[in-house]
Amino acid sequence: ETVQYFDGLGRPKQVVNIKASPLGRDVVTHIEYDGFGRQVKDFLPVPQSGTQNGAIVPGPLANATQPGIYGSEKIYAEKILENSPLDRIQQQIQVGTAWTANPVKFDYDTNINEDYVRKYETTT
């Protein structure tokens, strides 16, 4: 069973999967937004130390640093967006400490006259 909580603006805030871990504990996915209301971090689900039978979990990331769960690994993927209203992704950093120094980079460009976009016509 899954319970989803929303913030005052109607955006998802937390997803609680009741007793979804092998030990019968709640598994919580934390959702947060930056100052512009964009979701730039995608968190991994975190098993909790017990169950609250679907109630919202205060501090759902506190249990993530347990050695048997994620330890010291980075538990979220991160998107770095360009500073424009288009919110296009400039870099994407995957989950895990090893990927912090190796982001996927995106570049946006347009055609110019030197690109010589060709137009071909055929007759059948």
Does Ile80 meet the test of being on the phi < 0 side of the Ramachandran plot and assigned to a loop (DSSP other than H, G, I, E, B)?
no
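Output yes when any residue across the stretch 97-119 is in a loop (DSSP other than H, G, I, E, B), touching a Lys or Arg at 6+ places or on another chain (Cβ under 9 Å), among the polar types (S, T, N, Q) and at pLDDT 90 or above, and no when none is.
For the stretch 97-119, residues in a loop (DSSP other than H, G, I, E, B), touching a Lys or Arg at 6+ places or on another chain (Cβ under 9 Å), among the polar types (S, T, N, Q) and at pLDDT 90 or above: present.
Right, Pro22: assigned to a loop (DSSP other than H, G, I, E, B), touching a residue at least 40 places away in the same chain (Cβ under 8 Å) and not aromatic (Phe, Trp, Tyr) or not? Steps first, please.
Details: assigned to a loop (DSSP other than H, G, I, E, B): yes; touching a residue at least 40 places away in the same chain (Cβ under 8 Å): no; not aromatic (Phe, Trp, Tyr): yes.
No; evaluated as a whole, the condition is false for this residue.
Of all residues being part of a loop (DSSP other than H, G, I, E, B) and not small (Gly, Ala, Ser) in the stretch 1-19, which is nearest to Gln39 (Cα to Cα)? Just the residue, please. Give the derivation first.
Quick first cut of the stretch 1-19, residues part of a loop (DSSP other than H, G, I, E, B) only: 1, 7-11, 18-19.
Narrowing the set further to residues that are not small (Gly, Ala, Ser) leaves 1, 7, 9, 11, 18-19.
Numbers: Glu1: 25, Asp7: 13, Leu9: 14, Arg11: 10, Ile18: 24, Lys19: 26 Å.
Within the stretch 1-19, the match that is nearest to Gln39 (Cα to Cα) is Arg11.
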Given the criteria in contact with a Leu (Cβ under 6 Å, 6 or more places away or on another chain) and under 27 Å from Arg25 (Cα atoms), does Ile75 qualify?
yes
Going residue by residue through the stretch 40-55, is there one that turns out to be hydrophobic (A, V, I, L, M, F, W, C), exposed (fewer than 15 other Cβ atoms within 10 Å of the Cβ), under 24 Å from Ile18 (Cα atoms) and without any contact (Cβ under 8 Å) to a residue 60 or more places away in the chain?
yes
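Okay, residues lined up against (1) among the polar types (S, T, N, Q); (2) touching a Leu at 6+ places or on another chain (Cβ under 8 Å); (3) part of a loop (DSSP other than H, G, I, E, B):
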residue	(1), (2), (3)
His30	no, yes, no
Phe36	no, no, yes
Asp42	no, no, no
Gln52	yes, no, yes
Pro67	no, no, yes
Tyr70	no, yes, yes
Gln90	yes, yes, no
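Assess whether Ile75 counts as being closer than 20 Å to Trp99 by Cα and surrounded by fewer than 15 Cβ atoms within 10 Å (Cβ to Cβ).
Numbers: closer than 20 Å to Trp99 by Cα: yes; surrounded by fewer than 15 Cβ atoms within 10 Å (Cβ to Cβ): no.
Criteria not met by Ile75.
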Extreme residue, modelled with the lowest pLDDT, among residues of the stretch 57-96 that are small (Gly, Ala, Ser) and more than 15 Å from the chain's Cα centre (by Cα):
Gly68
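The values are calculated or read from the model by the stated rules, or taken from the named source; none is laboratory data. These numbers were taken from a predicted model, which means no experiment stands behind them. FYI the Cβ positions are ideal-geometry reconstructions off the backbone, even for glycines, and counts take in every protein chain you see.
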